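Following: one structure in structure tokens, then a few remarks.
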Amino acid sequence: MLNKNKKNKRLNNISTKPTKKSNNDSSSNQQEESQELQWVDLGANKTSWIWRHFGIKTDGRAYCRYKVLKNGIEEECNYNCVYNTQTSTQQYHLNSVHKIFETKVR
Ligand SMILES: [Zn+2]
């Protein structure tokens, strides 16, 4: 059963596209970068304390790995921000959201 009548009637003029590339419903495709992101090895020079809670993925962004409870289930916070050499954004996130402060004795 095909149910593709009357839904996409306004721009049907691209007829060279194959219509069945996958099963995915493309109704919510905007914000999804569906490439699998991998954790990047931080290397030895990431000595800041925030890297205990943050990791870098292959999209070049820093992701918060702090575990938070969502509906009773522990999940990674998954907050992410642009990674650059300064860690103030990550520090601010840890401070304000998770109430984590630098533990290193100075
Ligand atoms: Zn977080």
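Coordinate-derived values only; no laboratory data. From a predicted model like this one, the values you see are computed outputs, not experimental measurements. All Cβ positions, glycine included, derive from the backbone under ideal geometry; neighbour counts span all protein chains shown.
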- Most to least packed among 87-94, 39-46 [average Cβ atoms within 10 Å]: 87-94, 39-46
- Taking the simple approach of a point 7 Å from Cα along Cα-to-Cβ for both I100 and K67, what is their distance in nm? 1.2 nm
